[in-house]
Amino acid sequence: MGGTTYKTTDVVDFVIVGSGAAGGVLAKELSTNGFRVVMLEQGPRLNAGDFKHDEYWAFQRNSLTNNWKDQPNTFRKTAQDKAEKQPAVWYGRVVGGGSVHFTSNYWRFHEIDFKEVSMKGGVPGTGVVDWPISYADLEPYYTKAEWELGVSGLAGSSPFDPPRSKPYPLPPMPLKSSGVLMERAAKKLGWHAFPAPLAIISQNYNNRPACMHCGFCEAFGCEYGAKSSTLATTIPIAEATGRCEIRSDSYVSQVEVNAQGRVTGVVYFDKNKKEQRQKAKAVVVCANGAETPRLLLMSKSQKFPDGLANSNGLVGKYLMFDSGAMSGGVFEHPLNDFKSVHVNRVIHDFYEIDPKHGVYGGGGLDGRFDMYPVGFANGGFGADMPRWGSEFKKNLKWFPRMMYVLSHNTVFPVESNTISLDDNVKDAWGLPVIRVTYKNHPETDKTIAFMQARELELLDAAGALQKWQMPAWDSFSVHLLGTCRMGNDPKQSVINADHRTHDVPNLFLCDGSSLVTSGRNQPTETIQALAFRAGDRITALAKRGEV
Amino acid sequence: MDQHSRRIFLTRLVTGAGATLALNAFPDYAAAHDHVAKNKNGEPRFTSLSAEEAKELEAVCDRIIPSDDEGPGAKEAGAIFFIDYVLTHYEPESQAKVRKALADYAKDAAPKLFSELTAEKQIEILKKHEKTEEFDLIRSYTIFGFVGDPSYGGNRDDMGWKYIGFENPGMFFPPFGYYDAELLKANKKEGE
């Protein structure tokens with residue numbers, strides 16, 4: 001583990017705020033390119049041996065994620081409502097960030113996701129716009145992410161896949177019962193089920209051992225290091241350069257600027273809640289789609305009275321939630337879906353829903369293990385099914401015979417959906433908390449409803465004895481997208497295609513906040529491809545002396 | 001299962017076959033759980049709940065995940081010890097909510113104790129309160145104490161996991177379930 005340490009008075013080349021899917025990649029890219037890097041992470045450093053199979057540890061104690069006791073959120077549907085204190089965002093808060101606990105679905109965006117408006121005309125009342133880059137621009141970096149991190153899958157197995165320059169580095173994970181049922185159902189319906197691309201290694205790869213099928217992927221860390229988190233992949237490489245220090249338990253409260261309007265470093269709280277500063281020639285914020293805009297909004301100064309990089313007022317706007325909808329079904333025989341990886345087969349037939357259905361967006365379906373024993377008992381049933389008592393207890397025996405189908409859908413960006421500061425509520429460090437203002441656009445709801453009907457159709461065709469819809473959620477999100485979006489027009493976006501903020505030349509942002517559209521809401525591969533690309537762009541700028 | 005046979009069933013589970021001890025005959029409730037029931041630190045008593053509170057709360061847990069002829073319930077799994085443990089170590093702020101719930105149920109049960117009522121009467125009372133935040137909390141605790149990680153004192157001997165059909169050995173090998181095993185077998189036959 002990294003022995004490199006810098007003094008806080010050292011002026012390093014880059015401070016990276018956040019060590020997750022994007023920060024972990026950028027730390028490796030920038031340090032291997034010769035730069036001196038300090039990466040600050042709010043959360044602790046846990047290693048593979050620290051990870052547990054314990055729902056209370058993961059969900060109640062929030063051992064890998066933000067904890068609302070210390071860092072409350074407030075939520076309101078619209079700016080006219082009063083924001084109430086309630087959990088609204090959930091993100092990885094350990095070294096490796098969300099890449100440690102994500103389910104590991106690893107979907108590329110398709111061409112349509114970058115060019116919604118020019119290809120399909122956009123949707124009135126939403127803020128959907130084209131990206132300043134295309135799928136073709138990002139393709140080499142999708143490939144790079146898959147090969148550097150380790151992704152299992154079968155190229156060409158989905159007729160809807162965008163073109164790719166290289167197959168996956170690893171074969172797909174072994175077939176599960178859920179995969180068999182998904183394939184059977186898809187065949188009946190004329191759909192196409194294909195092996196799920198997963199950032200989990202099916203064979204030994206880059207000195208990491210293959211998945212042992214323990215069954216604790218989603219919301220947990222992998223004790224074998226087989227999940228291709230940045231903790232298991234890029235962060236050790238960054239540390240091995242001798243140029244990168246990972247500083248955990250470091251909670252950044254401000255990005256500092258000088259009179260020229262350039263950033264000079266960051267202020268942060270260390271483990272003992274003592275304020276520290278780290279000087280840097282440039283800052284890259286990769287703190288996720290909620291914490292990145294929050295940090296910019298907290299970084300007020302005389303020069304930037306409305307927050308950093310916010311001259312157009314767009315920081316925090318166009319928030320896109322994950323728009324999950326899920327259905328469950330119980331089958332005749334045990335699937336034992338709690339064994340091995342959580343997703344085995346994916347269906348992309350509705351990635352672009354036929355306009356004849358009157359629905360603009362699209363989605364993907366996956367058959368999945370989504371709920372561990374407590375989660376299943378607590379929330380695995382339909383709204384009108386028994387929640388306690390003897391009938392409830394009897395239904396708990398369905399556990400091994402369950403399959404859930406989750407749809408991941410288009411969420412349209414809307415300007416009034418935002419991350420902002422709630423000055424009325426302070427966190428345990430005395431900082432204003434995240435206030436979420438969010439309401440799905442009606443087109444988003446239509447897409448979800450359409451996809452949820454497909455979930456039931458699929459469960460039926462798979463032979464479910466009984467099936468039910470779970471209530472959709474719209475006041476809580478794990479994917480946090482779009483809040484500092486990328487664009488060529490400084491009036492319409494926060495960063496340019498190099499991830500440089502329009503307002504501050506030596507401030508870069510790269511994470512879910514950079515996304516212009518939600519794709520079909522499986523964002524991690526795109527965030528990581530952007531991070532690899534940003535590594536190249538920022539390196540080129542720095543080497544030319546343009547940072 | 002009627003009250004009498006249920007009592008026998010429980011007694012057998014708790015004390016071993018053949019014993020006929022009446023569960024409620026002990027003055028110290030935790031001591032009555034003696035054989036199953038030290039808390040996580042090996043102490044034979046509760047640390048947040050009083051013995052009386054534990055007895056009332058466990059009666060609630062027993063309605064949420066009852067002990068019946070389907071198999072053991074929250075009681076045998078030691079859910080009450082999970083609850084006492086987390087109320088002490090992780091969620092002391094929730095003690096007040098649990099006490100409020102118990103007070104509400106006690107009021108409806110008076111002049112008897114909630115734990116003294118018939119199952120039917122207990123269900124009637126809980127139905128009245130099932131939409132409250134406090135009931136949700138106790139329900140969630142009961143579930144954690146039944147099928148959560150055993151390290152907090154509940155889910156004794158993986159009792160809840162065995163009941164629902166979950167295993168947690170840390171690794172598995174294919175085939176994983178009925179349908180993939182069936183397909184593998186069919187493919188193999190075809191190959192022969």
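The values are calculated or read from the model by the stated rules, or taken from the named source; none is laboratory data. Here the structure is a predicted model, which means the values were calculated and not measured. Reconstructed Cβ throughout: ideal geometry from the backbone, glycine too, with neighbour counts over all protein chains shown. These accessible areas exclude ligands, DNA and RNA; they are computed on the full protein's heavy atoms, side chains included. Shrake-Rupley method; radii C 1.70, N 1.55, O 1.52, S 1.80 Å.
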Calculated FRET efficiency for the pair A:Asp81/A:Ala540, C-beta based, R₀ 56 Å, to 0.05: 0.80
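Suppose we take every Cα in region A:194-341 and form the convex hull; what volume per residue is that in Å³?
191
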Taking only the C-alpha atoms, wrap a convex hull around region A:339-399 and report its volume per residue in Å³ as a whole number. 120
Relative to a virtual label point 7 Å from the Cα of B:Glu182 in the Cα→beta-carbon direction, which members of region A:384-419 show backbone nitrogen distances below 15 Å? A:401-403
Zone reached by a paramagnetic label modelled 7 Å from A:Trp429 Cα along Cα→Cβ, restricted to region A:7-35 with backbone N below 11 Å, covers A:18
For A:Ser311, tell me the accessible area in Å² from a 1.4 Å probe, rounded to the nearest 10. 100
Distance between modelled label sites at B:Lys189 and A:Leu154, nm, 7 Å Cα→Cβ extension: 2.2
Heavy-atom accessible surface, probe 1.4 Å, ligands and DNA/RNA ignored: which residues of region A:393-412 lose at least 10 Å² versus the isolated chain? A:Lys393, A:Lys394, A:Leu396, A:Lys397, A:Phe399, A:Pro400
Mind giving me the nanometre distance, one decimal, between the label points for B:Met171 and B:Ala103, set 7 Å out from Cα along Cα→Cβ? 5.4
Taking 0.36 nm per intervening residue step and subtracting the Cα-Cα distance, what contour gain separates A:Arg184 from A:Asp70 on full extension? 36.3 nm
Among A:Ser416, A:Val504, A:Ala428, the residue whose Cα sits farthest towards the positive end of the charge dipole of region A:397-547, when +1 is placed on the Cβ of each Lys and Arg and -1 on the Cβ of each Asp and Glu, is A:Ala428
So who's got an amide H within less than 5 Å of the one on A:Val89, skipping anything under 5 residues away but keeping other chains? H placed 1.01 Å off N, in plane. A:Ser477
Sort all Cα-Cα distances of region A:388-498 into consecutive 10 angstrom bins from zero, then give the percent of pairs in each bin up to the one containing the longest distance. 10, 27, 26, 21, 13, 3, 0
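Summing +1 for each Lys or Arg and -1 for each Asp or Glu, what net charge is found among the other residues whose Cβ lies under 15 Å from the Cβ of A:Val117?
Taking every other residue near A:Val117 into account, the sum is -4.
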From the phi of every residue in region A:462-475, what ³J(HN,Hα) in whole Hz does the Karplus formula 6.51 cos²θ - 1.76 cosθ + 1.60 yield, where θ is phi - 60° and glycine or proline is x? 7, x, 4, 6, 8, 8, 7, 8, 9, x, 6, 10, 8, 10
Over 22 Å (Cα to Cα) among A:Lys52/A:Lys426; B:Lys107/B:Lys127; A:Lys85/A:Lys439; A:Lys393/B:Lys75; A:Lys7/A:Lys274 -> A:Lys52/A:Lys426
So what is the relative contact order for chain A, in percent, with contacts set as C-alpha pairs under 8 Å and at least six apart? 23
Of the beta bridges DSSP finds with both residues in the protein assembly as shown, what % are antiparallel, to the nearest 5? 70
Chain A: Cα Rg divided by the 2.2 N^0.38 Å rule of thumb: 0.92
Output the 0 to 90 degree angle, nearest 10, between the alpha-carbon long axis of helix A:177-189 and the longest principal axis computed from the alpha carbons of chain A. 70
Under the Karplus relation with 6.51, -1.76 and 1.60 and θ = phi - 60°, whole-Hz ³J(HN,Hα) for region A:327-343, x at Gly and Pro, equal 10, x, x, 10, 10, 5, 10, x, 8, 6, 5, 6, 8, 6, 5, 7, 10
What spacing in nm lies between the two simple spin-label points modelled at A:Val117 and A:Ser416, each 7 Å away from Cα in the Cβ direction? 2.0
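So for A:Lys467, A:Lys176, A:Lys281, what's the accessible-area order with a 1.4 Å probe, most first?
A:Lys281, A:Lys467, A:Lys176
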Using θ = phi - 60° and Karplus 6.51 cos²θ - 1.76 cosθ + 1.60, couplings along region A:239-253 (whole Hz; Gly, Pro as x): 5, 5, 5, x, 10, 10, 9, 9, 10, 7, 6, 10, 10, 7, 10
Find the relative contact order for region A:85-151 and round it to a whole percent, using C-alpha pairs within less than 8 Å whose residues are 6+ positions apart. 23
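So, R0 is 30 Å and r is the distance between the beta-carbons of B:Lys121 and B:Glu93; what FRET efficiency does that work out to, to 0.05?
On the way: r = 31 Å, r/R0 = 1.04.
Once the sixth-power term is evaluated, E becomes 0.45.
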Considering the Cα positions of region A:228-314, please state its Rg to one decimal place and its Dmax as a whole number of Å. 14.6, 43
